[in-house]
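This report concerns only the one structure given below.
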Amino acid sequence: MCDILKDLYEGNINPSMDVVSFTKEYETELREKTKSEDEFLSKLDGEMQNEFYSIMERWIKAYPLELREYFISGYKLGVKMTAEVYKD
């Protein structure tokens, strides 16, 4: 059996667990986002901060589901492209 198929079957392939090296552009955006968030939170009282954190927790729970759908869609597109190459 092909090693990659064996690894897939055995659950050894998990791209979401791979270590990703971030670009300077990403690191800059992350720093700016964190700075903006800190400035925004400093304007809120305790109750509003808790509400903000609650909203962010819901977003954090939903975001991986969105990424999963993008992954599936991209994988399907890749398979279709591969199939088209072999069609000729």
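I need the full set of residues from the range 31-53 which are surrounded by fewer than 10 Cβ atoms within 10 Å (Cβ to Cβ) and of a type in the set (S, T, N, Q), in order please. The answer is 42, and nothing else.
Could you tell me which of the residues 5, 65 is surrounded by 10 or more Cβ atoms within 10 Å (Cβ to Cβ) and of a type outside the set (Phe, Trp, Tyr)? Walk me through how you get there before you give the answer.
Working: 65 fails: surrounded by 10 or more Cβ atoms within 10 Å (Cβ to Cβ).
Within the list 5, 65, the selection yields 5.
Residue by residue through the range 1-14, note down the ones that are over 25 Å from the mean Cα position of the chain (by Cα) and either in a helix (DSSP H, G or I) or within 22 Å of residue 70 (Cα to Cα) (or both).
Of the residues in the range 1-14, the ones over 25 Å from the mean Cα position of the chain (by Cα) are 1-3, 6.
Correct list: 3, 6.
From the set of residues in the range 61-75 that are touching a helix residue (DSSP H, G or I) at 6+ places or on another chain (Cβ under 9 Å) and not aliphatic (A, V, I, L, M), which is farthest from residue 15 (Cα to Cα)? Before you say what the answer is, go through the steps one by one.
Within the range 61-75, the subset touching a helix residue (DSSP H, G or I) at 6+ places or on another chain (Cβ under 9 Å) is 64, 67-68, 71.
This time we only want the ones that are not aliphatic (A, V, I, L, M), so: 64, 68, 71.
On the way: 64: 13, 68: 11, 71: 10 Å.
Going through the qualifying residues, I end up with 64.
Can you give me the number of residues within the range 15-55 that are at pLDDT 95 or above and outside any helix (DSSP H, G or I)? Of the residues in the range 15-55, 3 are at pLDDT 95 or above and outside any helix (DSSP H, G or I).
The values are calculated or read from the model by the stated rules, or taken from the named source; none is laboratory data. This one's a predicted model, so the numbers in the text were calculated from it and none came from an experiment. When we count neighbours, we look across all protein chains shown, and the Cβ atoms used for this are built from the backbone with ideal geometry, even at glycine.
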